[in-house]
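Any read-out appearing in this document is the output of simple, stated calculations on the displayed coordinates, not a laboratory observation. Predicted model, so just to flag it, every value in this text is computed and none were measured. Quick reminder, even Gly has a Cβ in these numbers, built from the backbone with ideal geometry, and neighbours come from all protein chains shown.
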Amino acid sequence: MTSPIATAPAVHVAGVTREFATKTATVHALAGVDLDVAAGEFISLIGPSGCGKSTLMRLIADLDQPTAGTIEVFGKPAARARLDQDYGIAFQQAGLLPWRTVEANMALPLELHGIAPAKRKARVAELAAMVGLSDFTEHYPDQLSGGMQQRVAIARALAEDAKLLLMDEPFGALDEMTRERMQTELARIAADTGAAVVFVTHSIPEAVFLSERVVVMSARPGRIAEIVDVPLGASRTESLREAPEFFERVTAVREALHGAPTERANER
Ligand SMILES: Nc1ncnc2c1ncn2[C@@H]1O[C@H](COP(=O)(O)OP(=O)(O)OP(=O)(O)O)[C@@H](O)[C@H]1O
Ligand SMILES: [Mg+2]
């Protein structure tokens with residue numbers, strides 16, 4: 001007998017609207033958003049600033065409630081999934097605890113789940129190596145650069161091999177080389193652990209490199225404008241960045257973002 005949880009999508013968003021009442025007006029941040037993310041699927045959200053990407057992420061993480069519509073995570077209400085800590089989160093701000101060292105920040109979710117100290121230490125060493133911070137585990141967040149802080153937050157999100165990762169511009173503060181390395185690493189981790197990932201980015205190549213589907217959003221009110229499939233297979237390795245089919249998908253997402261280009265074929 002299979003439980004409904006085993007077959008449920010990682011994320012189910014149905015008819016979700018979020019309006020914010022401000023002093024002068026009502027901001028329609030999201031309107032009628034429907035989206036299913038399958039277990040193990042990697043999707044990216046891309047769209048202009050203010051189109052509601054972070055709002056949608058916060059709703060999925062149960063940090064905010066929709067004005068209308070429903071959100072489920074692995075078949076459970078979002079609030080239940082938050083209490084069960086069914087996902088790892090890395091958001092736009094690193095959100096580290098300033099009084100804890102790098103090591104203690106990375107270990108936080110493991111502590112909360114009662115993992116024994118020796119096992120915790122081993123896991124944190126692995127994570128620190130993965131994000132290139134092995135020499136900084138005793139440092140405090142204010143002794144690190146913005147990009148290093150973000151890498152601590154990413155390590156913390158990955159600490160538990162969660163079946164769902166919610167990542168809102170996690171690589172925004174990284175230099176280009178580190179960013180590409182972290183992308184490759186994240187693609188590998190997602191494939192190895194079978195985690196579903198909902199990933200927000202402003203970078204079209206980043207979205208295409210990582211995702212099986214790119215969800216293109218439009219602003220005011222935030223809606224899903226188009227979903228671009230990226231059938232480039234499971235192996236997202238460095239060579240993919242130079243492949244013609246990669247550029248073809250980058251172009252497809254760019255056109256979806258900017259609207260269709262003028263028909264040059266007719267000019268010949
Ligand atoms: N707590 C709030 N109160 C009022 N308005 C809000 C609130 N949170 C978000 N908004 C508004 O909702 C809209 C969507 O914001 P959101 O942060 O989701 O955008 P975003 O797509 O993540 O943008 P960016 O790419 O700049 O991060 C914006 O117009 C924003 O001003
Ligand atoms: Mg945002």
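Observations on the model:
- Subtracting the Cα-Cα distance of Met177 and Ser235 from 0.36 nm times their residue separation leaves 18.9 nm of extension gain.
- When DSSP beta bridges are restricted to pairs lying wholly in the chain, around 55% turn out antiparallel.
- Net charge dipole, the chain: roughly 520 debye, given to the nearest 20, about the Cα centre with Cβ charges of +1 for Lys and Arg and -1 for Asp and Glu.
- Within the range 152-268, DSSP assigns beta bridges of which about 55% are antiparallel (rounded to the nearest 5).
- As a proxy for reagent exposure, ranking Val13, Val152 by other Cβ atoms within 10 Å from fewest up yields Val13, Val152.
- Remark on Leu164: its backbone amide H falls under 5 Å from those of Gly88, Ala196, a criterion applied only to residues 5 or more positions apart or on other chains, H modelled at 1.01 Å from N.
- Sorting Ile89, Ile60 from the fewest to the most surrounding beta carbons within 10 angstrom yields Ile89, Ile60.
- Taking 14 Å as the cut-off, the amide N atoms of the range 41-79 that come nearer than this to a point 7 Å along the Cα-to-beta-carbon line of Ile227 belong to 41-46.
- Between the range 18-57 and the range 116-131, the alpha-carbon center distance in angstrom: 34 Å
- Kyte-Doolittle mean at least -0.5 and Cα axial length at least 15 Å: DSSP H helices in the chain: 102-112, 117-130, 146-158, 244-258
- Sorted fewest first by neighbouring Cβ atoms within 10 angstrom, Val214, Val16 come out as Val16, Val214.
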